[in-house]
1. Name the residues whose placed amide hydrogens come within less than 5 Å of the amide hydrogen of residue 409, ignoring near sequence neighbours (fewer than 5 apart) on the same chain.
2. Suppose every Lys and Arg Cβ carries +1 and every Asp and Glu Cβ carries -1, with no other charges. What dipole size does the chain come out with about its Cα centre, to the nearest 20 debye?
3. Counting other C-beta atoms within 10 Å, and keeping those with at most 13, which DSSP coil trypsin sites (Lys or Arg not before Pro) do you find in segment 292-367?
4. With unit charges on the beta carbons (Lys and Arg positive, Asp and Glu negative) and the dipole taken about the Cα centre of the chain, which residue among 368, 328, 219 sits farthest to the positive side?
5. Kindly flag which residue pairs out of 124/229; 124/468; 130/468 have an alpha-carbon separation exceeding 19 Å in this structure.
6. Hey, can you grab everything whose amide H is under 5 Å from the amide H of residue 213? Only 5+ residues off in sequence or another chain; H modelled, so Pro and N-termini drop out.
7. Can you list the residues, at least 5 places off or on another chain, whose amide H is less than 5 Å from the amide H of residue 269, using H built in the peptide plane?
8. Rounded, prolate or oblate: which fits segment 257-339 when a ≥ b ≥ c are the square roots of the eigenvalues of the alpha-carbon gyration tensor, with rounded for a/c under 1.5 and prolate only if a/b beats b/c?
Amino acid sequence: MTLAEQMDTVTGAAAGTVDRHATTETFESTDPATGAVVGVFPVHDAEAVRATVEHARPAAVAWAALGFDGRRQRLNAYRGYLARRMHELADLVHRENGKPHADAILEITLAIDHLAWAGAHARKTLGPRKVSAGMLAANHAAYLEYQPLGVIGVIGPWNYPVFTPMGSIAYALAAGNAVVFKPSEHTPAVGAWLAAAWRAAVPDAVDAFQVVTGFGDTGAALCRAGVGKLAFTGSAPTGRRVMAACAETLTPVLMELGGKDAMIVDDDADVAAAADAAVWGAMSNAGQTCIGIERVYATGAVYDRFVTEVTERVRELRAGSDDAATYGPMTMPSQADVVRRHVADAVASGGRVLAGGTVEGRYVAPTVLLDVPETSAAVREETFGPTLTISRVRDAEEALARTNANPHGLAGAVFSRSRERAMDLARRMRSGMTSVNSVLTFASVPALPFGGVGESGFGRIHGEDGLKEFTRAKAITRQRVPLPVNLMSFRRPAAAADALARVMGLVHGRHR
Ligand code: NAD
């Protein structure tokens, strides 16, 4: 199916749900660089969302019944389909989100790798296993398995419209759940494309992965539609609203929220490599990366060299929508306003603009800010733009203290040539993920869990934890042989409890 055909499929009938519950209201998705309409999509109301989830319930049962091998085979077919059409999808991501085609290819590559890993590791992580029954139930066999939750609701953002939701979708599907996905209203075409691709690649389980489109109300309706779990990726304020809506029905939630990630550059760091990574981590995707580097703490020993190296690199960057541009426009106009506010606040509170600082329409110049106080919005709040603050610190301990003082705790980076020192700093960084001598690398390691602490949320996608996130642990015991004395019977001998107390005294009483 070509992109044009895909768009025909999705225009007015996202995910093929329109036949089941007609909806007249529509909205347009537009190209942030040109304003051209990318597609027209239904605004699914609460009734339509509920109907989609109800439709997904039998699909979830059938999908779970396929077992690990059956699901793996179909997830493989899906990733094969995505891999064969990478350029088509990348083109759509470029048009709808604004990022360069090459960056879209990178994003899709990561998503495909996660699909492969989730399918391949689901049985080992979740499948039935025998565990030790322990001393008290020695005459029983004990079994553990991780069962799917049914239908998972996934609500996604627009900044990585393929990779980010796929972190939930791939792992939820591999664990045996059906998925109803509500993409961001800024990237509905990509969401609908992913569902259309599923239907084409997995024709015998089309309803295992469906998409509903619309704004916040559509997302809120998904929270209230009786899903087994709601996997939310987006901002903390919306996350709070999602949690409140899910609380009404005790629907469990996964919260992947924003960040304010820091890089620590220690005395012995490879300064050129750190500068290169900081600039990429801060500016790629126009800085609209939840795990993007937004602040750098460099020790006095390396600060001047680091600033010089960053300045050189930033000069080579250019925002634009042509093929040679480093990064694209801000996907949403309101995000450019946030950047403006943060730069203004940084300057008003005594900071210096080393580079950039200007916003023209949706294009933000690569911006580097120095000497910005820790209390400034540019250091406290998520900027989500191509900006970087660099602060001089006494030593790595001060850098770590400042890093950890922020309420966010998504990820971060440490640059140091000392393995021991860097690992120690990484461990003590208050974040879900840390890269040593690189940035963002953990996101490309499917075996590693991804998620934050504090304002950055809770729960994990990716890796074994990401698979378990979409399951419930099921415990089973089976009596192998009856014991002569059954302690859990009203007919137990009167002296049984005393005998038990004596045994416990012998086994545990010696520990002090
Ligand atoms: P957002 O919170 O504005 O919207 C996210 C999604 O929630 C959208 O699909 C939106 O339609 C939906 N929504 C809005 N109101 C809702 C409601 N009341 N109930 C249910 N759903 C509702 O976020 P965004 O601007 O799309 O994304 C940017 C944010 O996402 C940034 O903070 C970024 O750091 C974060 N993010 C986090 C991760 C991560 O993995 N931790 C990944 C990517 C982005």
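1. Amide H neighbours of residue 409: 260, 453, 455, 456.
2. My answer is approximately 2840 debye.
3. Listed in order of number, the matching sites are 318.
4. Final value for the positive-end residue is 219.
5. 124/229
6. 44
7. The answer is 417.
8. oblate
The values are calculated or read from the model by the stated rules, or taken from the named source; none is laboratory data. Since this is a predicted model, take the numbers as computed values, not measurements. Here Cβ is always computed from backbone atoms with ideal geometry, including for glycine, and neighbour counts include all displayed protein chains. Side chains are part of the model used for accessible areas, which takes the heavy atoms of the whole protein and leaves out ligands, DNA and RNA. Shrake-Rupley method; radii C 1.70, N 1.55, O 1.52, S 1.80 Å.
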